[in-house]
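Q: Before I ask anything, here is the structure I am working with.
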Amino acid sequence: MAIVVSNASPLILLSGVGEFTRLHDLFGEVRITPQVFDEVVIRGAGRPGAAEVAAAPFIRKQEAAGIRRIQDLRDQARVAEGEASTIILADELKADLVLIDEKAARQAAKAMGLKVAGTMRVLEFAFERKLIADLRATHAMLKAGSARISPELLNASLARFGLPRLS
């Protein structure tokens, strides 16, 4: 089974569009750091993702050993603690995939040689495996929600599958 480490935003966004369990369907176990757990479940109580992450047996909380590396990455890449801890844990575990949406964090992870995917790519994986019947409807929910994903990216994703653009 692949080692997958997730940051907060994919957990929150997938929960918001009702596709949180796709993480389990696609990857089996997903690891998160205590910092991500705190962001989603404790500080995010009552919001999308909080109950799902707290109750999911396939989410495994794991601390990154390199506390100093987390601080250094935060300072150098100008990313939040959850993002930095996710990247460092993924690096320590030699993860097969790290799930991150934020641009600066994605760039930092790629610079460390990590394979990165975001929420949209997870939805595309699920659509390719016929776990999601209507990718366009799912993307429309992302657009209508609080996700800061540009309409151009959503439409590019739909175009890859020959689906109609969102208006």
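Q: When you look at Leu89, is it under 18 Å from the mean Cα position of the chain (by Cα), in a helix (DSSP H, G or I) and crowded, with 19+ Cβ neighbours inside 10 Å, yes or no? Talk me through it step by step, then tell me what you get.
A: On the way: under 18 Å from the mean Cα position of the chain (by Cα): yes; in a helix (DSSP H, G or I): yes; crowded, with 19+ Cβ neighbours inside 10 Å: yes.
Judged against the criteria, Leu89 is a match.
Q: Scanning for something more than 30 Å from Ser150 (Cα to Cα) and not charged (D, E, K, R), does region 72-79 turn up at least one residue?
A: So far as region 72-79 goes, no, none of its residues is more than 30 Å from Ser150 (Cα to Cα) and not charged (D, E, K, R).
Q: Next question. Only one of these is out of contact with any strand residue (DSSP E or B) (no Cβ under 8 Å at 6 or more places or on another chain) and loosely packed, with under 15 Cβ neighbours inside 10 Å: Arg165, Arg69. Name it. If you could, list the steps in order and put the result at the bottom.
A: Working: Arg69 fails: loosely packed, with under 15 Cβ neighbours inside 10 Å.
Sole residue among the options that is out of contact with any strand residue (DSSP E or B) (no Cβ under 8 Å at 6 or more places or on another chain) and loosely packed, with under 15 Cβ neighbours inside 10 Å: Arg165.
Q: If you scan region 95-110, which residues turn out to be out of contact with any helix residue (DSSP H, G or I) (no Cβ under 8 Å at 6 or more places or on another chain) and either at pLDDT 95 or above or in a loop (DSSP other than H, G, I, E, B) (or both)? Full working, then the answer.
A: So in region 95-110, the residues out of contact with any helix residue (DSSP H, G or I) (no Cβ under 8 Å at 6 or more places or on another chain) come out as 96, 103, 106, 110.
If the condition is that a residue be out of contact with any helix residue (DSSP H, G or I) (no Cβ under 8 Å at 6 or more places or on another chain) and either at pLDDT 95 or above or in a loop (DSSP other than H, G, I, E, B) (or both), then Asp96, Arg106, Lys110 are the ones that fit.
Q: Next question. Conditions: (1) touching a residue at least 12 places away in the same chain (Cβ under 8 Å); (2) farther than 23 Å from Phe125 by Cα. Phe20 meets all but one. Number of the miss?
A: Single failed check for Phe20: (2).
Q: Among the residues of region 92-128, how many are in contact (Cβ under 8 Å) with a residue 60 or more places away in the chain, crowded, with 19+ Cβ neighbours inside 10 Å and out of contact with any Ser or Thr (no Cβ under 7 Å at 6 or more places or on another chain)?
A: 6
Q: To continue, here is another question. Between Glu92, Glu81, which is charged (D, E, K, R), within 20 Å of Glu39 (Cβ to Cβ) and touching a helix residue (DSSP H, G or I) at 6+ places or on another chain (Cβ under 6 Å)?
A: On the way: Glu92 fails: touching a helix residue (DSSP H, G or I) at 6+ places or on another chain (Cβ under 6 Å).
Going through Glu92, Glu81 in turn, the sole match is Glu81.
Q: For Lys61, indicate whether it is more than 24 Å from Val41 (Cα to Cα) and free of Cβ contacts under 8 Å to residues at least 60 places away in the same chain. Quick ask: steps written out before the conclusion?
A: On the way: more than 24 Å from Val41 (Cα to Cα): no; free of Cβ contacts under 8 Å to residues at least 60 places away in the same chain: yes.
When the stated conditions are applied, Lys61 does not pass them.
Q: Kindly list the number of the only condition in (1) of a type outside the set (D, E, K, R); (2) part of a loop (DSSP other than H, G, I, E, B); (3) over 13 Å from the mean Cα position of the chain (by Cα) that fails for Ala147.
A: Checking Ala147 against (1) of a type outside the set (D, E, K, R); (2) part of a loop (DSSP other than H, G, I, E, B); (3) over 13 Å from the mean Cα position of the chain (by Cα), the one that fails is (3).
Q: Pairs needed: first member in region 129-145, free of Cβ contacts under 8 Å to residues at least 24 places away in the same chain and within 14 Å of Gly16 (Cβ to Cβ); second member anywhere, outside any helix (DSSP H, G or I) and of a type in the set (A, V, I, L, M, F, W, C); C-beta distance under 8 Å; at least 6 residues apart or different chains.
A: Here the result reads Lys143/Ile149; Lys143/Leu166, each pair linking region 129-145 to a residue that is outside any helix (DSSP H, G or I) and of a type in the set (A, V, I, L, M, F, W, C).
Q: Let me ask something else about it. Only residues that are without any contact (Cβ under 8 Å) to a residue 24 or more places away in the chain, of a type in the set (Gly, Ala, Ser) and farther than 24 Å from Arg47 by Cα: list them for region 146-165, please. Show your work before the answer.
A: The initial filter retains those residues of region 146-165 that are without any contact (Cβ under 8 Å) to a residue 24 or more places away in the chain, namely 148, 150-152, 155-156, 158-159, 162, 165.
Now drop any that are not of a type in the set (Gly, Ala, Ser), which leaves 150, 156, 159, 162.
Passing the criteria: Ala156, Ala159, Gly162.
Q: Do we find a residue being in contact (Cβ under 8 Å) with a residue 24 or more places away in the chain and of a type in the set (A, V, I, L, M, F, W, C) anywhere in region 41-48?
A: Here is the first cut: in region 41-48, the ones in contact (Cβ under 8 Å) with a residue 24 or more places away in the chain are 44, 47-48.
Then keep just the ones that are of a type in the set (A, V, I, L, M, F, W, C); that gives none.
The answer is no, given that none of the residues of region 41-48 is in contact (Cβ under 8 Å) with a residue 24 or more places away in the chain and of a type in the set (A, V, I, L, M, F, W, C).
The values are calculated or read from the model by the stated rules, or taken from the named source; none is laboratory data. Every value quoted in this text rests on a predicted model; they were computed, and no experiment measured them. Every residue, glycine as well, gets a Cβ built from its backbone with ideal geometry; the counts of neighbours run over all protein chains shown.
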